[in-house]
Structures are given as structure tokens and as C-alpha cells.
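Q: Before I ask anything, here is the structure I am working with.
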Amino acid sequence: MLLKKRVVGMLSVMLSAAMVFNIAVMGTPRAEAASIGELNSQYSDLQQQINDLQGDLDSITDETARQQAEQQQLEQQMGIIQQQVDLLRTKIDTLNAQIAEKEQYIEQKEAEIAENEELFRQRLKAQYMSPDADGLSAVLGASTFSEMLIKADTMTRIADHDKQLIETLTQQKADLVAAKDELAASKADLESSKSELDSKNAQLAGQKSVVDANIDQLNQQKAMTESQLAQRRDELKVNQAQIEAAIKENEANNGGGGSGGGGFTPSSGVFQWPVPSCSNIYAPYGYSAIYGSEWHTGIDISGGGIYGQAIVAADDGQVVSAIYGNYGYGNYLLVYHGNGLYTLYGHCSSLAVGKGETVRRGQTIAYVGSTGNSTGPHLHFEVRQGGSYGSDVNPLNYL
């Protein structure tokens, strides 16, 4: 009962939290009318809700695993007890068969005793009723002394045999009754043990029914939380797109981007490697086993000790975006190199240049970090081509 209360209590808290999340999102201002700062604040709220929901989901998953382990343990215990019950039932059946056999033997012995006692009584009665047939007449009627002794001995032997036969049959019957009583006592012990096991099995079945109900509740809560989590993630994607659009609109209004100028020579399209201290590509451009069905818009450069290492400009250019953020690319730079070419440096720990600055090829412009949507220290490096910040292209074609 305490276990059930604990699970129900946990689910109630999670459900209440989920309702608060729904109210919070429903009350979020529409992104179209929001500033970049407001959009960033909404992003932080959504990310916090996602983190909380993920924490709830992890707790539900852990509790479900614990309940399933307990369920499996109870099933194993019930299986062992059922095997013991089946074994006792087999032994009881065997004892019942043995008791029935003893009872049959007892009936046979009782019949033999009754038959011999009846014959003995009839013989005594005949001797008593017939003077010529009694033992004394038979003995005295002998023609010789030797014959008299033989007849007397014969009659004694017959009487002793009858007596011994009845005594033997009576003892055999008593032995059978004792054996039957012993079997009955053993059967009673086995039935008592079986009754205890049946009671314990029923108790375990009751505990298992509680665990089964808990698992059903947890599965329902898991489905609800996963649905809410998917909804928040969809809202986060919309929010990220709105932030990107707002940033581009803001930069366009302030003269960012362009097709050249800004005190630098337009790029020839041959770029320098952006992290001199590390040449390892952790995740390639496009589809890969790492990102699965998700299109990767750049390359991820990562390796041991890369955190905090210098990131250099791939070529001369002008910084058109220098963003400190906790979403998407995190802290990132977007540099325009002329001729419709841009490079993007994402997830930086910190930035060394600001928007509008002119940078030179090989100049340190940022440092490797793990900000934004990142699972570890790395540089997400993109090359983009075309107007309005272009479209992603394979960076390896320019390095």
C-alpha cells in the first residue's frame, strides 16, 4: 500500500507540473510581435520546461524499471512456490494411493480373520455338540497308547495352528492400521505445508497486482509526458526559427551582410582550417550515423583537449553576426567573405570579435566550447553560399 501511495504521489506531482507547463506556454506572447530578447526569454522558458519534462520522463523510466524488476521477482517467487505446491500435490496423491492400498489390505485381513474365526467357532461347536467328536473321545478311542498320543498331539497342533493363525492375522491387521495412520499423518503434514504455500502465493499475487497497476499508471504517465515533451520541442524549433528570422531582419535593417567591401578582399573560395590545434572531424556534413535522418548543415570538429582552443577566421571577411545565446548554435559568429560566401562558427565558449569587425585569415575570432544545443566541446563549422546568408554547402569543398 505504501508503494502504491508513493507511485501515485509521484504521478500526481508530475501531472501538476505538466499542467503548469501547459499554462506557461499558452501564456507565452506570440513570437511575431516579440523582440530578440523576448524570443530568447521564451526560448529559455521552453528549454527549462523541456529539461523538467525530460527529468520527469527519466524518473518515470527509472521507477518503471524498478517496478518491472519487482514484478519479475514476484513472478519468480510465485513460480518457485507453485513448483513446491505441485510437488506436494504429487506427494499427497501418492500417499492417497498408498492409504487406499493399505485400506484394501486391511479389508482383506479383516475378511480372513473373520473367516478363520468362523471356522474355529464351527469346529469348537461341532466338538461340543457331538460326544463322539470331542477331543477326549477321540483320544480314548485309540486302539493303542501310541495312537492315543498321536491323536492328542494332532488335536493340540490343530488348536495351536488356529490360534496362531488368528493371532497372526490380527497382528497383520494392526500393522496395516498403524501404517495407514502413519501415512494419514504424513498426508496431514503435507496438506498443512501446501496450505501455507497457497496462502503465501495468494499474498504474492496480491502484491503483484499492485505492482501491475503501478506499471500501468507509469506507462500512461510516460505516454503523456512524451507527448508534452514532443510538443515543447516542436515549439522550441518554431521559436529558434523565429529568433533566426528576427536576427536576420535586425541585421538587414542595420546594414549587415552585403556582397563585398568592408575593408577586406573578397574570398577566392579556398579557406583555412578553422581549428589549427585539431584536425579531427567528429561528424561529417549531411546525413551520417551520428545524426541519423537529421541533415547536418556543417562539420563538427572535435578531439581531446579541444575545449578553449582558438578558432581562426577561414579567410578575410566581416563579422555580420556575433551572438551569445543558449539555443541552437549557442555562442556563434557569422562572417561574410564576399562573392556570396559565409562561414559560421558555432557552440563557441566565447567570442573574440564583435559584429561589424573586419577579420583577417588565420586571426583568432573565438574559442571552442559547448554552448547551445551541444553534447560536448566542438566547433560546428558551416560554409554558406548565396544571398541572404545563403544555403549550407559542403565545407570540405572549400578547405
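Q: Kindly identify the stretch 258-397 as rounded, prolate or oblate by the Cα gyration tensor criterion: order the square roots of the eigenvalues as a ≥ b ≥ c, call it rounded if a/c is under 1.5, otherwise compare a/b with b/c, prolate if a/b is larger, else oblate.
A: On the way: a/c = 1.61, a/b = 1.32, b/c = 1.22.
Prolate shape, in that a/c is at least 1.5 and a/b is the bigger ratio.
Q: When a/c is below 1.5 the answer is rounded, else prolate if a/b is larger than b/c, else oblate, so apply that to the stretch 318-384 with a ≥ b ≥ c taken from the square roots of the Cα gyration tensor eigenvalues.
A: Working: a/c = 1.88, a/b = 1.65, b/c = 1.14.
Prolate, since a/c reaches 1.5 and a/b exceeds b/c.
Q: Place +1 on the Cβ of every Lys and Arg and -1 on the Cβ of every Asp and Glu in the stretch 258-397, take the dipole about the Cα centre, and give the residue among Phe264, Cys278, Leu333 whose Cα lies farthest towards its positive end.
A: Farthest along the dipole direction, towards plus: Phe264.
Q: Another question, if that's okay. With label points built 7 Å along Cα→Cβ from the Cα atoms of Ser350 and Ala245, find their separation and express it in nm.
A: According to this spin-label approximation, the distance is 3.5 nm.
Q: At a Förster distance of 56 Å, what's the computed FRET efficiency of Val238 paired with Ala205, Cβ-Cβ distance as r, to 0.05?
A: Once rounded, the FRET efficiency stands at 0.65.
Q: Could you line up Cys348, Cys278 from fewest to most neighbouring Cβ atoms inside 10 Å? Please report the intermediate quantities before stating the final value.
A: Details: Cys348 26, Cys278 19.
Lowest to highest Cβ neighbour count: Cys278, Cys348.
Q: Here's something else I'd like to know. Suppose each label sits 7 Å from its Cα in the direction of the beta carbon; what would the Glu226-Ile166 distance come out to in nanometres?
A: Inter-label distance under the simple model: 8.8 nm.
Q: Which links in Lys91/Lys208; Lys91/Lys187; Lys102/Lys194; Lys180/Lys200 stretch past 19 Å when you go from one Cα to the other?
A: Violating the 19 Å Cα-Cα cut-off are Lys91/Lys208; Lys102/Lys194; Lys180/Lys200.
Q: Another question, then. Could you check the spin-label model distance between Arg89 and Asp175? Points 7 Å from the Cα along Cα→Cβ, value in nm.
A: Inter-label distance under the simple model: 3.6 nm.
Q: Still on this structure, I have one more. Exposure proxy check: Phe381, Phe271, Phe120 ranked by fewest other beta carbons within 10 Å? Before the final figure, lay out the partial values.
A: Values: Phe381 23, Phe271 20, Phe120 17.
So the residues, fewest neighbours to most, are Phe120, Phe271, Phe381.
Read-outs: derived from the displayed coordinates by stated rules, not from any lab. Here the structure is a predicted model, which is why all the values come from computation and not from measurement. All Cβ positions, even for glycine, are placed from backbone atoms using ideal geometry, and neighbour counts span all protein chains on display.
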